[in-house]
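*Asks:* Please read through the structure below; I'll follow up with questions.
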Amino acid sequence: MFKALRSLFSAAPARSQLRFLVVMRHAHALPADADQPDADRELSDLGHAACRAQGAWLAATLDQALEAAVISPAQRAQQTYAGILETANALLPEAPRCPALLYDDPRAYLQNLEQEAVSSALVVTHNPGLGLWLAETVGGSPAMQRELLDIDPGDVALLCHDEGAWHLVQLHRAPSGQRGQPA
């Protein structure tokens with residue numbers, strides 16, 4: 001979990017409920033070729049670099065391994081996870097789950113995430129579903145909701161679940177150069 005939150009969870013009894021979540025929008029991807037399915041799009045060079053940078057940031061930020069990883073089956077999400085593993089492999093499971101719903105309807109998948117039988121997880125998925133879920137779930141000011149709705153490729157949000165609600169701990173932006181980029 002996040003180093004700064006250690007005291008918040010240290011006294012908490014062990015639960016089989018998701019309490020700490022890292023969500024990431026897949027990194028910057030290449031545009032689809034004319035006859036290429038969207039799910040087959042690959043990361044750009046910028047996206048590959050961002051994955052490694054975000055993995056290094058997670059390695060410096062988290063103080064224990066995440067119990068689960070749930071990754072969209074789309075090629076760009078799979079490549080995002082592989083890139084994160086390059087620099088944060090000790091913190092992440094090597095064999096993530098890849099449910100189709102995380103590509104087809106990420107918002108629906110995320111709405112049921114609290115039922116996971118783990119206390120910490122990483123999710124790599126897509127917008128607009130991820131942004132909609134974040135804005136609805138975390139809430140905050142109208143400016144914060146707009147920022148979460150428009151989560152950029154490669155951005156990472158750290159959340160904790162406490163008192164029956166998700167709370168945004170930190171929104172870590174992908175390295176400069178991806179802000180505002182379509183993906």
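Read-outs: derived from the displayed coordinates by stated rules, not from any lab. Note that the structure is predicted; figures quoted are calculated from it, not measured. Here the Cβ positions follow ideal geometry from the backbone for every residue, glycine too, while neighbour counts run over all protein chains shown.
*Asks:* In degrees between 0 and 90, to the nearest 10, how far off the longest principal axis of the chain does helix 129-138 point, with axes built from Cα atoms?
*Replies:* Roughly 30 degrees between the two axes.
*Asks:* May I pose another question? Hey, can you grab everything whose amide H is under 5 Å from the amide H of SER44? Only 5+ residues off in sequence or another chain; H modelled, so Pro and N-termini drop out.
*Replies:* Excluding prolines and chain starts, which carry no amide H, the hits are ALA29, LEU30.
*Asks:* Right, something else. What residue among PRO106, PRO93, PRO31 has the largest mean-square fluctuation in a Gaussian network model of the chain, using Cα springs under 10 Å?
*Replies:* Judging by the Gaussian network model, the answer is PRO31.
*Asks:* For VAL118 paired with SER141, estimate the spin-label separation in nm (one decimal), with each label point 7 Å from Cα along the Cα-to-Cβ line.
*Replies:* 3.4
*Asks:* With a ≥ b ≥ c the root eigenvalues of the C-alpha gyration tensor of segment 78-132, is it rounded (a/c under 1.5), prolate (a/b larger than b/c) or oblate?
*Replies:* oblate
*Asks:* Follow-up. Over the Cα atoms of segment 40-136, what radius of gyration and what Dmax do you get, in Å?
*Replies:* Radius of gyration, then largest Cα-Cα span, for segment 40-136: 13.0, 36 Å.
*Asks:* Now, a different point. Please work out how much length the chain gains when fully extended from ALA39 to HIS167, using 0.36 nm per residue of separation minus the C-alpha to C-alpha distance, in nm with one decimal.
*Replies:* In short, 43.0 nm is gained.
*Asks:* List the GluC sites (Glu not before Pro) within segment 81-144 that DSSP assigns to loop and that have no more than 15 neighbouring Cβ atoms inside 10 Å.
*Replies:* Those that pass, being in a loop and sparsely packed, are GLU94.
*Asks:* Please give the length that would be gained between ALA65 and ARG97 if that part of the chain were fully extended, namely 0.36 nm times their separation in residues minus their C-alpha to C-alpha distance (nm, one decimal).
*Replies:* 9.9 nm
*Asks:* Explain nothing, just the number: relative contact order of the chain, from Cα pairs under 8 Å at least 6 residues apart, as a whole percent.
*Replies:* 30
*Asks:* Cα gyration tensor of the chain, axes a ≥ b ≥ c as square roots of the eigenvalues: rounded (a/c below 1.5), prolate (a/b > b/c) or oblate?
*Replies:* Since a/c reaches 1.5 and a/b is larger than b/c, the shape of the chain is classed as prolate.
*Asks:* If one takes the longest principal axis of the Cα atoms in the chain, at what angle in degrees, from 0 to 90 and to the nearest 10, does the Cα axis of helix 45-61 lie?
*Replies:* Orientation of helix 45-61: about 10 degrees from the principal axis.
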